[in-house]
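For reference, the structure is listed below as structure tokens.
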Amino acid sequence: MKKAVIFGAYHFLGFHICSALLEEGEEIIGITYPDLVVEDLDEKRMEIGRNANFSEKSLAEFTSILQDTNIEVLYFDFYTLKQLSKYDKVKNLFSEYSDKKESQNKRFVFLVNVISIETELDFITSIKDILNGYAMQVVYLPTLYGPWQPSDFLFQQVIEGKEQKNIQLNIREYTNDAIFIEDAVKEVVKQTKKGQNNDILLKSTEINHWQRCLEQLKWDMPKGLTKDISFSSYLQEVMVENKETIKDNLEQQKKHHLLYRI
């Protein structure tokens, strides 16, 4: 049976990847970052904890995890991570593990928010140096939305009915593009299975996807919120198709909010 490890298994992106792989029959080891509050933790544990193919381990067990020859992919969800100290802990895990022969047949996939493409460049560069010669890929993602979107992201704030004057843009939210979470996860898994080591940037096929979401939510974006980012030419752009309509995507997020967050 295929096995994968997901660091940040209860975070927004990591949780959806975990759920998707479990549905495919893969065995998953979930790891949470220590000393970090996870939103909706009990509900998420209840949803995937019932699956016999899911087990939860601590960060301290990383060395023994790497020695498991059945593990094919290790996903690291940094998408909503704000504390840089957590990056250092992950980096130290690789630095302290001197015998990397057990990881020869494993792939390391780092899931990074496009907003952090500059601030976390040093971390990604150092990880690449440490894992030089091993299968590694960095996937950059724009704003993701849908069920379990963090409550401090703008779409979720609007759905929760916050007053407009109290709604603030999350520092990790990219306003020039958006992808529905399920579409993004399918593409991440698809790209991972290709076995390529090139860094990629996921982009929506829908023009002005983020802004069109706001239109569906009937919320006007104040001026000055747009964030422009310069992407390196080495990044391969991968277009992600919106399987449903934007309206349907947001309806799923609204229904999920009513069922699980009220």
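The values are calculated or read from the model by the stated rules, or taken from the named source; none is laboratory data. Small disclaimer: the values here were computed from a predicted structure and weren't measured. As a convention, Cβ positions derive from the backbone with ideal geometry for all residues, glycine included, and neighbour counts pool all protein chains shown.
Numbers at a glance
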quantity: Qualifying positions in region 3-29 - over 16 Å from Thr80 (Cβ atoms) and surrounded by 14 or more Cβ atoms within 10 Å (Cβ to Cβ); calculated: Lys3, Ala4, Val5, Ser19, Ala20, Leu21, Leu22, Glu26, Glu27, Ile28, Ile29
quantity: Residue match in region 49-62 (condition: part of a strand (DSSP E or B), closer than 21 Å to Val139 by Cα and at pLDDT 80 or above); calculated: no
quantity: Residue in region 248-261 that is of a type in the set (D, E, K, R) and either on the phi > 0 side of the Ramachandran plot or modelled with pLDDT under 95 (or both) present; calculated: yes
quantity: Residue within region 202-216 that is modelled with pLDDT under 90 and surrounded by fewer than 16 Cβ atoms within 10 Å (Cβ to Cβ) present; calculated: no
quantity: Every residue from region 119-145 that is surrounded by fewer than 20 Cβ atoms within 10 Å (Cβ to Cβ) and farther than 22 Å from Ser233 by Cβ; calculated: Ile130, Leu131, Gly133, Tyr134, Ala135
quantity: Criterion: in a loop (DSSP other than H, G, I, E, B) and either touching a residue at least 12 places away in the same chain (Cβ under 8 Å) or out of contact with any His (no Cβ under 8 Å at 6 or more places or on another chain) (or both) - qualifying residue of Leu169, Leu214; calculated: Leu169
